[in-house]
1. Could you grab the pairs with beta carbons closer than 9 Å, sequence gap of 6+ or different chains, first residue in the stretch 255-269 and on the phi > 0 side of the Ramachandran plot, second one outside any strand (DSSP E or B) and surrounded by 19 or more Cβ atoms within 10 Å (Cβ to Cβ)?
2. With respect to residue 73, determine if the residue is within 23 Å of the chain's Cα centre (by Cα), assigned to a loop (DSSP other than H, G, I, E, B) and not assigned by TED's automatic domain parsing to the domain that holds residue 191.
3. Which of (1) surrounded by 15 or more Cβ atoms within 10 Å (Cβ to Cβ); (2) in contact (Cβ under 8 Å) with a residue 60 or more places away in the chain; (3) in contact with a helix residue (DSSP H, G or I) (Cβ under 9 Å, 6 or more places away or on another chain) does residue 381 not meet, given it meets every other one?
4. Examine the stretch 223-232 for a residue that is assigned by TED's automatic domain parsing to the domain that holds residue 260, more than 12 Å from the ligand (Cβ to nearest atom), in contact (Cβ under 8 Å) with a residue 40 or more places away in the chain and in a helix (DSSP H, G or I), and state whether such a residue exists.
5. Return the total of residues in the stretch 254-263 being crowded, with 17+ Cβ neighbours inside 10 Å and not in a loop (DSSP other than H, G, I, E, B).
6. Among the residues of the stretch 24-35, are any part of a loop (DSSP other than H, G, I, E, B) and either away from the ligand (no atom under 16 Å from the Cβ) or under 23 Å from residue 319 (Cα atoms) (or both)?
7. If you take just the helices (runs of 4 or more DSSP H) that sit entirely in the stretch 264-332, which of them hold at least 1 residues that are in contact with a strand residue (DSSP E or B) (Cβ under 8 Å, 6 or more places away or on another chain), over 30 Å from residue 62 (Cβ atoms) and modelled with pLDDT under 95?
8. Determine, yes or no, whether residue 127 is farther than 27 Å from residue 355 by Cβ, in contact with a helix residue (DSSP H, G or I) (Cβ under 9 Å, 6 or more places away or on another chain) and surrounded by fewer than 23 Cβ atoms within 10 Å (Cβ to Cβ).
Ligand SMILES: NC(=O)c1ccc[n+]([C@@H]2O[C@H](COP(=O)([O-])OP(=O)(O)OC[C@H]3O[C@@H](n4cnc5c(N)ncnc54)[C@H](O)[C@@H]3O)[C@@H](O)[C@H]2O)c1
């Protein structure tokens, strides 16, 4: 008789990472610290990167004095992720390859019976995102998508206040992602700045975080009108600046601004304005929390919300800020619970699809000289550059 695997609820959940570049180690850092998670293996075309990630995971366990249930075994290293997928001690695959390959790797992982966590954006076309979501459903595995800013305590505070009706009727919601990416950033990977694998520029790669929060707070978005252009850098296909007016299904309106040419770069700003109040988030800092009728807690909120001692969870010291993988910690923890209990992850593939669809609509509008584009989109349009203004 074949040996029965211990039920997920009673054992450590085995993770493996595909893609060990910039973001892979963030996943490893979070997996190291989440109780009930273990990094079993990692894969990268570039063997040194995979080896370095595996070493870094071991070093972090040592540094933080963490012992995993099954002992601190060094993760196995693969240059071919397809071989890695054959291991039966892997429950979850973290997809950390270039954006336009998320669905490809994720679908193979799902077909191998693995749950999947995809980096943002879920993928860069509607067709690929839908095939990805479908494959996980067909194979009865979970699909979680990284949007770590949703898990920030202050972002969650705003979301909960919106749901409680604290802002009244939301009339305006905006997001601004004005960052800086030098040419050497684009030169650091052949996929960067390409339509095929980056899927876009300052919005699809960088701004997608702000767009996701915007639609999570005030969405769904019903239409967009925009301007996008490649205003700097050489040898890139995608936009470096984007500005869009958006209309929400609720009747609210807002503005999305994205850039990779604003030196030296500013925090991501998300703002919500309602008939009874305003909130403003700058990265993880709550900078405005105003209500016509304020409670004592509201009056003290900026002190409370921005105090590093109260931000870090007192009951979970490993969640404390300032450790590698901090931002991804809540999502890895959430995935362990999702796998163990069978409930959906807090940010599913379907949830993460919205921001990409909004960005694709913004590109379509810009390509048509600012025409109003309604959502939902019916199909993908060819990904090309933008007309000269
Ligand atoms: N959540 C965030 O804040 C955040 C931050 C940075 C990057 N990301 C996302 O993470 C993804 C990767 O970005 P990055 O900056 O780490 O890129 P990167 O180029 O630094 O790393 C990608 C790695 O994937 C490897 N790779 C590519 N194809 C592969 C394959 N078929 N098999 C195995 N390995 C393969 C490459 O060799 C490389 O090491 C992107 O989708 C990006 O949008 C998210």
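1. 265/179; 265/181
2. Working: within 23 Å of the chain's Cα centre (by Cα): no; assigned to a loop (DSSP other than H, G, I, E, B): yes; not assigned by TED's automatic domain parsing to the domain that holds residue 191: yes.
Here the answer is no, as residue 73 does not meet what is asked.
3. (2)
4. Let us first name the residues in the stretch 223-232 that are assigned by TED's automatic domain parsing to the domain that holds residue 260, namely 223-232.
Those left that are additionally more than 12 Å from the ligand (Cβ to nearest atom): 223-232.
Next cut, in contact (Cβ under 8 Å) with a residue 40 or more places away in the chain only: 223-230.
Narrowing the set further to residues that are in a helix (DSSP H, G or I) leaves none.
No, the conditions are met nowhere in the stretch 223-232.
5. Restricting attention to the stretch 254-263, the residues satisfying the condition of being crowded, with 17+ Cβ neighbours inside 10 Å are 254, 256-262.
Filter once more, keeping what is not in a loop (DSSP other than H, G, I, E, B): 254, 256-259, 261.
Total meeting the criteria: 6.
6. Here is the first cut: in the stretch 24-35, the ones part of a loop (DSSP other than H, G, I, E, B) are 34-35.
Now restrict to residues that are either away from the ligand (no atom under 16 Å from the Cβ) or under 23 Å from residue 319 (Cα atoms) (or both): 34-35.
Yes, some residue in the stretch 24-35 is part of a loop (DSSP other than H, G, I, E, B) and either away from the ligand (no atom under 16 Å from the Cβ) or under 23 Å from residue 319 (Cα atoms) (or both).
7. Working: elements: 296-299, 301-305, 308-311.
Qualifying helices (runs of 4 or more DSSP H): 301-305.
8. Working: farther than 27 Å from residue 355 by Cβ: no; in contact with a helix residue (DSSP H, G or I) (Cβ under 9 Å, 6 or more places away or on another chain): yes; surrounded by fewer than 23 Cβ atoms within 10 Å (Cβ to Cβ): yes.
Here the answer is no, as residue 127 does not meet what is asked.
The values are calculated or read from the model by the stated rules, or taken from the named source; none is laboratory data. What you see is a predicted model; the values in this text were computed from it and never measured. Glycine also receives a Cβ, built like all others from the backbone with ideal geometry; neighbour counts cover every protein chain displayed.
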